[in-house]
1. Considering only residues that are closer than 21 Å to P285 by Cβ and among the aliphatic types (A, V, I, L, M), which ones fall in the stretch 229-255?
2. I'm trying to understand the selection: among the residues of the stretch 145-180, which are buried (at least 19 other Cβ atoms within 10 Å of the Cβ) and of a type in the set (A, V, I, L, M)?
3. If you check S160 against the conditions, is it touching a residue at least 24 places away in the same chain (Cβ under 8 Å) and polar (S, T, N, Q)?
4. Would it be correct to say that F91 is of a type outside the set (K, R), surrounded by fewer than 15 Cβ atoms within 10 Å (Cβ to Cβ), under 18 Å from the mean Cα position of the chain (by Cα) and farther than 22 Å from R70 by Cα?
5. Can you confirm whether F27 is under 19 Å from the mean Cα position of the chain (by Cα), among the aromatic types (F, W, Y) and surrounded by 13 or more Cβ atoms within 10 Å (Cβ to Cβ)?
6. Tell me which of these G94 doesn't satisfy, since it passes every other one: (1) within 26 Å of G304 (Cα to Cα); (2) without any contact (Cβ under 8 Å) to a residue 24 or more places away in the chain.
7. From the list D258, D235, D275, which one is without any contact (Cβ under 8 Å) to a residue 60 or more places away in the chain, within 21 Å of the chain's Cα centre (by Cα) and surrounded by fewer than 20 Cβ atoms within 10 Å (Cβ to Cβ)?
8. Before we move on, is G75 over 30 Å from Y34 (Cα atoms) and in a loop (DSSP other than H, G, I, E, B)?
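The values are calculated or read from the model by the stated rules, or taken from the named source; none is laboratory data. Computed from a predicted structure; not experimentally measured. A quick note on method: Cβ atoms are made from the backbone with ideal geometry, for glycine too, and the neighbour counts reach across all protein chains shown.
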Amino acid sequence: MKIKYSIYILLAFVALAFACKKIDQGFLSDTIRYKDRIINAKRGMPQTLSDRINADGSTPPFSFKMLNLRNKATGAAAPQEFYKEYEILVFKPGMAFDPEKDVTVALLNAKRETLKKPPMEFNPISGQIAFNRASGNLPLGEYLFDLEATNRWGTKVYPSFAQINVIEPSVDDVFEVTYQAANASTDAEVFTAMKAPIITCTKVSNDGARVILKITDKNGKPFNPKAGAVIKRGDRPTFETHAKFNPVVSTEEALLCDFEVAPFPLVKYITPTTDWGYLIYYRIPKAFINIDGMANQNANPAFGFRVKMEGTYQIEVRMTDATVK
């Protein structure tokens, strides 16, 4: 009987010991991280967004704080441009661009508003870093920052947690070709395939929102829109189809389109019967062109592209099997 009583007392002590033990308050990993430790901030792009922080099994919820953003080479504090607020033009919540209805700058501006925002914003819940158009004001360079993470376990600081590289966008970042083709046609509208044109883009400056479109021959000589060498093709989409805010201007070497808002085209052109995407069609009449192996025919280049941020760009559509007559 005494033995049985002693066992009960022992079990009671064990239970009391467990009851008094401190409850585990969670876990905060030493190896939380971004998928890629280097975050590229491309200056002036509408939005650049980093990955979320991988909490590596840490107990949620957590909060993050960016600390000590500094120049990697010198250790000096990051310049004030990171924190200063700049005016940026954005679409109002719930507003969308309609290329058929928004045909003037006034109608476009009725859907937009100017906000003051810093070029970089840090999300304390996900750890994501967002850069907006105001990032065009950031100085080029490499910057390090520390991270503070907090959950119910407590707080940890992670030195040199990640690196932000402020860089200029490449041509591939700001420009994409969506389609390129061409054919020749007789007066009877009999069509023969031509080589697809080569489309290239050169950024002229950060100013404005303009595309300078040159359609050139295989030697790089431009066809003359002002003289009628580049004309519309029936009811198919052209520059004006995608942005009607300003008239397209014809010069001796190019068509000039002030598109106002990027990306350009902002949306696909869709009619009740056809999804034209971002396509642009033009015709070069036979009086202005010699096509290799095809005498006395018109040329019909068809192409699509998107410019993803404001600025002035020269876009060349080179016909590789034709010359200016």
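1. Here is the first cut: in the stretch 229-255, the ones closer than 21 Å to P285 by Cβ are 229-241, 248-255.
Hits for the stretch 229-255 are A229, V230, I231, V248, V249, A254, L255.
2. L147, A149, A162, I164, V166, V174
3. So S160 fails the test.
4. yes
5. no
6. Status for G94: all satisfied but (1).
7. Values: D235 fails: within 21 Å of the chain's Cα centre (by Cα); D275 fails: within 21 Å of the chain's Cα centre (by Cα).
Sole residue among the options that is without any contact (Cβ under 8 Å) to a residue 60 or more places away in the chain, within 21 Å of the chain's Cα centre (by Cα) and surrounded by fewer than 20 Cβ atoms within 10 Å (Cβ to Cβ): D258.
8. no
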